[in-house]
Amino acid sequence: MIFDEIQNLKKYKNLIPHFNSIEKIVNTNLTNLKEGSYQVQDGLRYIVSKYTSQKDKPFEVHYDEIDLQIIIEGEEKMEIGKPILEIQKYDKETDCALSSGYTTASLKAATNTFVIFYPNEYHKPGITYSDEKLIKKIIFKIKK
């Protein structure tokens, strides 16, 4: 997992497949991006999402894709953890499995920060600190 400010994304270019394509999108006005799912090229897609943070939810994990999450507006707590029970459900199309677990660390992801979750890193984004907040983010799904 990597957590940093968006202005430092280029420091990690050797750790991010398809970095040049991602950088072109990130260098646009992200606040103008419309919600939806977009295919960029083979092995790279992204989702622009708006949602309200929640008090709790299951951990998610990916096996084949790297998650690069950039907060465009708002803030949320992201928890990193370990699974307790077996996977509840795995969706091969979205490469996402849900599981209960316990938190080993948490971070505050705010506007203009990003987090990279590599395959098999259990994470729980979209958690509220106190009051529910509206969040807009772009999530790059990168085949490893």
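None of the figures in this text is laboratory data; all of them are computed from the coordinates on show. Here the structure is a predicted model, which means the values were calculated and not measured. Note that each Cβ is placed from the backbone with ideal geometry, even for glycine, and that neighbours are counted across all protein chains shown.
Here Lys143 is the anchor, and the lysines within straight C-alpha reach of less than 17 Å, apart from those fewer than 8 places off in the same chain, are Lys13, Lys92. Remark: the Ser21-Phe3 segment gains 4.5 nm on full extension, using 0.36 nm per residue and subtracting the alpha carbon distance. Our compactness index for region 28-142, the C-alpha radius of gyration over the empirical 2.2 N^0.38 Å, is 1.03.
Would you list which aspartates and glutamates come within 18 Å of Lys89, measuring only between C-alpha atoms, while excluding same-chain residues fewer than 8 positions from it? Qualifying aspartates and glutamates at Cα under 18 Å: Asp56, Glu60, Asp64, Glu65, Glu121. Working ranking of peptides 113-120, 97-104, 128-135, 62-69 by packing, defined as the average number of other Cβ atoms within 10 Å per residue, highest first, is 62-69, 113-120, 97-104, 128-135. Note on Ile84 and Lys143: with the Förster distance fixed at 30 Å, the Cβ-Cβ geometry gives a FRET efficiency of about 0.60. Cross-link partners for Lys133 among the lysines, with Cα-Cα distance under 22 Å and sequence neighbours closer than 8 places in the same chain left out: Lys34, Lys50, Lys55, Lys57, Lys77, Lys108, Lys124.
Given the options Lys57, Lys124, Lys92, state which has the largest fluctuation in a GNM of the chain using a 10 Å cut-off (strictly under) for Cα springs. Between Lys57, Lys124, Lys92, it is Lys92 that shows the largest mean-square fluctuation.
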